[in-house]
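Below you'll find the structure, written out as structure tokens, and then a few comments.
Each value in this text was obtained by applying a stated rule to the coordinates, not by laboratory testing. Predicted, not measured: the structure shown is a model, and the values here were computed from it. All Cβ positions, even for glycine, are placed from backbone atoms using ideal geometry, and neighbour counts span all protein chains on display.
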Amino acid sequence: MDKNDNDKGFFPLYQWAARPFASLGGTAIGITNHLGAAGIFLFYAFLGIFRPKQLFHILNHIYYIGTRSFGIIALVSLFTGMVLGLQSYHALVQFGAEGALGTLVSLTLVRELGPVLTAIMITARAGSAITAEIGIQRISEQIDALYTMRIDPLRYLVSPRIAASIISFPILTAVFDVVGIIGGYVSGVLLMGANSASYLYRIQSNTDIHDVVDGFIKAVVFAVIVSTVSCYQGYFAHMRTDGHGAKAVGLSTTSAVVLSCVLILVADYVVTSLLIGS
């Protein structure tokens, strides 16, 4: 058999065997590239926040991201607290520990459910709209027009949204915590008959300021994640390879929501580990 025939038979087999590893490597390189680009994107956008002219734009986005999300946050937190109070009461009464209902409800909301569910709800309501709005401006060449007018699109479009998110997320998280605790009171005390004084006393005595601060730290981290991912997906919608025009905007909006929710849960674990370790 000729040596060239052996080479011809060997290399296609080698390439076939290496194809999964090449695909995995290509995916890893793509993710790394996007992470680096998103980091640079956030850095330059964050620098654009500290300008006096940004105040009016930041207030407008606080109204859109924060104020207009108040209703849905209050509604979700009320029923989350009610379900948590109901489930917790049935679990605690089996061990004769229904007096700990207030502690369980407050710490669960303040440490975990408050910042996480607030971030997810804002992602669904405001994050998707941010991606779609910036994406439409990109494919309609409005962002290119800003360049021609010597206006930095990052400072004009992205920086105010990031600043507004950092301000709005902790405030809405506090609203979620308070309304959720009220919901737990309604279901646990008014409906199930737990002791009212014990419920309120346990909240006051066992909920430390450090618990509240930890929840706010998570809220700020989630705010940076959601605003960056939403703006990044919309800003680079025209560079997608799986769609163009309106389809690219729709795909970018879907990607922003899904990726934000996944990163919120991943970041929640990481931040919780760091806070517990400290």
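Shown is the FRET efficiency for residue 50 and residue 213, computed with R0 = 25 Å from the Cβ-Cβ distance and rounded to the nearest 0.05: 0.55. Converting the Cα gyration tensor eigenvalues of the range 61-196 into ellipsoid dimensions via √(5λ) gives semi-axes, longest first, of 43, 11, 10 Å.
Label separation (residue 91 vs residue 190): 2.4 nm, computed from points 7 Å beyond Cα along the C-beta direction. Taking the fewest neighbouring Cβ atoms within 10 Å as the starting point, the ordered list for 89, 147 is 147, 89. Counting only whole DSSP H helices of the chain, the ones at least 30 Å long by C-alpha along their axis and with mean Kyte-Doolittle hydropathy no lower than 0.5 are 70-93, 159-185, 209-235, 246-277. As a calculated quantity, the FRET efficiency between residue 266 and residue 205 at R0 = 35 Å, using C-beta atoms, amounts to about 0.60.
From the largest down, the chain spans 87, 62, 35 angstrom on the principal axes of its Cα atoms.
Taking other residues whose beta carbon is less than 14 angstrom from the beta carbon of residue 271, and scoring Lys, Arg as +1 and Asp, Glu as -1, yields -2. From the alpha carbon centroid of the range 65-101 to that of the range 28-57 is 36 Å. For 207, 27, 108, the sequence from fewest to most other C-beta atoms within 10 Å is 27, 108, 207.
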